[in-house]
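The values are calculated or read from the model by the stated rules, or taken from the named source; none is laboratory data. Only a predicted model underlies this, so the values are computations on that prediction, with no experimental measurement involved. Here the Cβ positions follow ideal geometry from the backbone for every residue, glycine too, while neighbour counts run over all protein chains shown. These area figures cover heavy atoms from the full protein model, side chains too; ligands, DNA and RNA do not enter into them. Shrake-Rupley method; radii C 1.70, N 1.55, O 1.52, S 1.80 Å.
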Amino acid sequence: QVQLVESGGGLVQAGGSLRLSCAAYGRTFSSYTMGWFRQAPGKEREFVAAIRWSGGPTYYEDSVKGRFTISGDNAKNTVYLQMNSLKPEDTAVYLCAAETTGRGIWSPFMYDYWGQGTQVTVSS
């Protein structure tokens, strides 16, 4: 019923920037929180950033604070993740997710819908 589609990933050198987009599709879709997670090969999925549609507060994982910025465009049903000063350790598949109950922010288990992910590779 609800689909999330990420785009904007790619290969970039350390110190560079990328802007990821997550477009949401679904007539009855309504989210309370939109989040970005990432997963590197052999590692667990980890929280990156999230935004509340109402009120606009944002949340970030410590390692990306000051470098990444999450934002949303309600009219376009799209969430963005601006990534600056990228580091090799940022390399991962980045996934967007939607949470509809308002119960969670940090845990991937609290999110109801997931995109397929977009690869971000940062070279040294």
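Calculate the FRET efficiency for Ser124 and Glu46 from the Cβ-Cβ distance with a Förster distance of 30 Å, rounded to the nearest 0.05.
The computed FRET efficiency comes out at 0.90.
Only protein heavy atoms count here; on that basis, with a 1.4 Å probe, Thr118 has an accessible area of about 20 Å².
Can you send over the carbon and sulfur percentage of the accessible area for the chain, probe radius 1.4 Å, protein chains only? Could you put the intermediate results ahead of the total?
Values: 3070 of 6580 Å².
Carbon plus sulfur share of accessible area: 47 percent.
With a sphere of radius 14 Å drawn around the Cβ of Ala98, what net charge do the other residues whose Cβ falls strictly inside it have (Lys, Arg +1; Asp, Glu -1)?
Working: positive: Arg52, Arg103; negative: Glu6, Glu99, Asp112.
My count for the surroundings of Ala98 gives -1.
Taking all protein chains together and a probe of 1.4 Å, list Val2, Val93 from the most accessible to the least accessible. Numbers along the way, then the final one.
On the way: Val2 25, Val93 45 Å².
Descending order: Val93, Val2.
Per residue, the chain exposes an accessible area of 53 Å² to a 1.4 Å probe, with every protein chain left in place. A straight Cα-to-Cα reach below 23 Å connects Lys87 with the lysines Lys43, Lys65, residues fewer than 8 places away in its own chain not being considered.
Other residues whose C-beta falls under 9 angstrom from the C-beta of Gly117 contribute a net charge of 0, scoring Lys and Arg +1 and Asp and Glu -1.
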